[in-house]
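Some notes on the structure that comes next.
Just so you know, all these numbers are worked out from the coordinates, no wet-lab data involved. From a predicted model like this one, the values you see are computed outputs, not experimental measurements. No Cβ is skipped: glycine too gets one built from the backbone with ideal geometry, and neighbour counts run over all protein chains shown.
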Protein chains: 2
Amino acid sequence: MKIGVFDSGIGGLSVVKSMLAHKLFEEIIYYGDTARVPYGTKDKNTIIRYGIEAVEFFKNFELDMIIVACNTVSAYALDEMRESADCPVIGVVEAGILACKNSLEDKNSDILILGTKATVNSKAYEIGLQDLGFTNLNAKATGLFVPLVEEDIFSGEVIDATFRHYFSDIKSSPDALILGCTHFPLLEAELQKYFGEKTQLIHSGEAIVEHMEKEFSFTKKHPKTSLKFFASENPEALKRVAHNWLNI
Amino acid sequence: MKIGVFDSGIGGLSVVKSMLAHKLFEEIIYYGDTARVPYGTKDKNTIIRYGIEAVEFFKNFELDMIIVACNTVSAYALDEMRESADCPVIGVVEAGILACKNSLEDKNSDILILGTKATVNSKAYEIGLQDLGFTNLNAKATGLFVPLVEEDIFSGEVIDATFRHYFSDIKSSPDALILGCTHFPLLEAELQKYFGEKTQLIHSGEAIVEHMEKEFSFTKKHPKTSLKFFASENPEALKRVAHNWLNI
């Protein structure tokens, strides 16, 4: 299978990392729109336009499937991307929702969704989770998390103060915490520490690979995956990060 | 005079506010590239390309001058914008440098420059200040300041922790602090408190208007300025902020 992975920037590499660990694909084409990142603060129509442009880009390769690794694009542009594409398009939001379905037996489980402003405003996670019968939902736009990660700040007093800023009104730790942005898994350790071991963290990048593994019949594992990286700006920087992060 | 003001987003409205206070111009056309903001984390070539596109946009109006309100664009794209434009182009960085010249008599004054990653990497302020004979220069990319302002966080423990994060190695307060980004004046009060009254804050938006007032002979004041606002995304949001902020 030849897979396209789209993200607004480099965050979607976490999804590629999960894909490589599961050895499912022969070829992965990654495209990061680094010239226009971040999407999380942008307007719905702009996000849709950028999503369609990514589909057009992927038409240069004969893909079997496009994975939208960006939560914001998945929340807003999936229908429009599907209309433009000539292959299936799957987004991380649906995968995150299915992961909740699979791992939370109690429909009264208390779920806290974290995302960018655009993802939270879309209510995409809430709508999907309500359709599955979950009722105890809360969402927070944690706008500082992406810049914190991009500043390489993963722990310490700035993180502690930021968590208190966003979470001071949360009286008891949720049963599940959805990390609804590809950058957020980098704060996983501190979030787990803050909320305690009771809270189960849902990582949408990992969820999408598990989802695909269940949905599609993979006849064989691919220990070697061919990888190609494209970026709308500074592709060398993206390749450098990819090589370090993915150990390739 | 008919003036174009360009910024990557809404931050340049602080420059318009200074312009209105000085009553120098008959007409101001503001263009914010809100669909692609922020520029401060982007690549040099991308910033230059976006700067030239802004000049092309302004060719729709017969302008007497273009003011680049964005420090990052001023630092990287001014020469290329001047080549493309058919009117003078002035940037906030030169104005900030001239403001230091005018307000600091001692060439040994200790100057701390704050900016986005791109502005600081460009060394535009250092090069200009060194040309004027200043030698005691230090620069810091304070990447969290823009997202903090955009999250409406202007004081409190997140700001305190962030200041300690960036400034812990600064042993004594500088004589002057250059707020090298249009967002930073919104943190002015807390920065003044952190560094103390000894430190003089240089606000590049205010500096550019003072610079123009000195350089050009304005024969009369314009108590009423015609204002037009354009944005590459969500112009209504930009107009709303402008109306609130500028009291128009």
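Only sites in a loop by DSSP and with at most 15 other Cβ atoms within 10 Å count here; which GluC sites (Glu not before Pro) in the stretch B:142-248 make the cut? If you can, show how the numbers build up before the last one.
On the way: sites: B:Glu150, B:Glu151, B:Glu157, B:Glu188, B:Glu190, B:Glu197, B:Glu206, B:Glu210, B:Glu213, B:Glu215, B:Glu233, B:Glu236; in loops: B:Glu151, B:Glu197, B:Glu233.
When the GluC sites (Glu not before Pro) of the stretch B:142-248 are filtered for loop state and at most 15 Cβ neighbours within 10 Å, B:Glu197 remain.
How large is Rg over Rh for the protein assembly as shown, taking Rg from the Cα atoms and Rh as the Kirkwood inverse mean of 1/r across Cα pairs? Mind dumping the intermediate values first?
On the way: Rg = 24.2 Å, Rh = 24.3 Å.
Result for the protein assembly as shown is an Rg/Rh of 1.00.
Cα convex hull of the stretch A:22-140: how many Å³ per residue?
Numbers: hull volume 13.5 nm³, N = 119.
Spread over its residues, the Cα hull of the stretch A:22-140 gives 114 Å³ apiece.
Pick from B:Asn138, B:Asn234, B:Asn121: which residue has the top mean-square fluctuation in a GNM of chain B where Cα pairs under 10 Å get a spring?
It is B:Asn234.
Arrange the following residues from fewest to most other Cβ atoms within 10 Å of their Cβ: A:Leu98, A:Leu114, A:Leu187.
Details: A:Leu98 19, A:Leu114 26, A:Leu187 23.
Starting with the residue having the fewest Cβ neighbours, the order is A:Leu98, A:Leu187, A:Leu114.
Taking Cα atoms of the stretch A:108-248, Rg/Rh with Kirkwood Rh, to two decimals?
Values: Rg = 17.4 Å, Rh = 17.3 Å.
Using only Cα positions, Rg/Rh for the stretch A:108-248 is 1.00.
May I ask which residue of A:Leu148, A:Ala124, A:Ser168 lies farthest towards the positive end of the charge dipole of the stretch A:94-204, with charges of +1 (Lys, Arg) and -1 (Asp, Glu) on Cβ and the Cα centre as origin?
A:Ala124
With the crude spin-label approximation of a point 7 Å out along Cα→Cβ, what separation in nm comes out for A:Glu197 versus A:Arg240?
Distance between label points: 4.1 nm.
Determine, from the Cβ-Cβ distance of B:Lys140 and B:His222 and an R0 of 45 Å, the FRET efficiency 1/(1 + (r/R0)^6), rounded to the nearest 0.05. Numbers along the way, then the final one.
Working: r = 38 Å, r/R0 = 0.85.
Calculated transfer efficiency: 0.75.
Check each of the chymotrypsin sites (Phe, Trp or Tyr not before Pro) in the stretch A:85-185 and keep only those in coil by DSSP with at most 15 other C-beta atoms within 10 angstrom; list them in order. Provide the component values of the computation, followed by the final result.
On the way: sites: A:Tyr125, A:Phe134, A:Phe145, A:Phe154, A:Phe163, A:Tyr166, A:Phe167; in loops: A:Phe134, A:Phe154.
For chymotrypsin sites (Phe, Trp or Tyr not before Pro) across the stretch A:85-185 that sit outside H, G, I, E and B with at most 15 neighbouring Cβ atoms in 10 Å, the list reads A:Phe154.
Under a no-solvent Debye model with one identical scatterer per Cα of chain A, what's log10 I(q)/I(0) at q = 0.07, 0.09, 0.11 Å⁻¹?
-0.22, -0.36, -0.55
Calculated from DSSP H runs of 4 or more alone, at -39500 (n - 2.57) each and per residue, what is the 222 nm mean residue ellipticity of chain B, nearest 500? The partial results should precede the final answer.
Working: 11 runs with 114 residues, N = 248.
Result for chain B: -13500 deg cm²/dmol, rounded to the nearest 500.
Return the loop-located trypsin sites (Lys or Arg not before Pro) in the stretch A:148-248 (DSSP other than H, G, I, E, B) with at most 16 other Cβ atoms within 10 Å of their own Cβ; answer none if there are none.
Numbers: sites: A:Arg164, A:Lys171, A:Lys193, A:Lys198, A:Lys214, A:Lys220, A:Lys221, A:Lys224, A:Lys228, A:Lys239, A:Arg240; in loops: A:Lys171, A:Lys198, A:Lys220, A:Lys221, A:Lys224.
Those that pass, being in a loop and sparsely packed, are A:Lys171, A:Lys198, A:Lys220, A:Lys221, A:Lys224.
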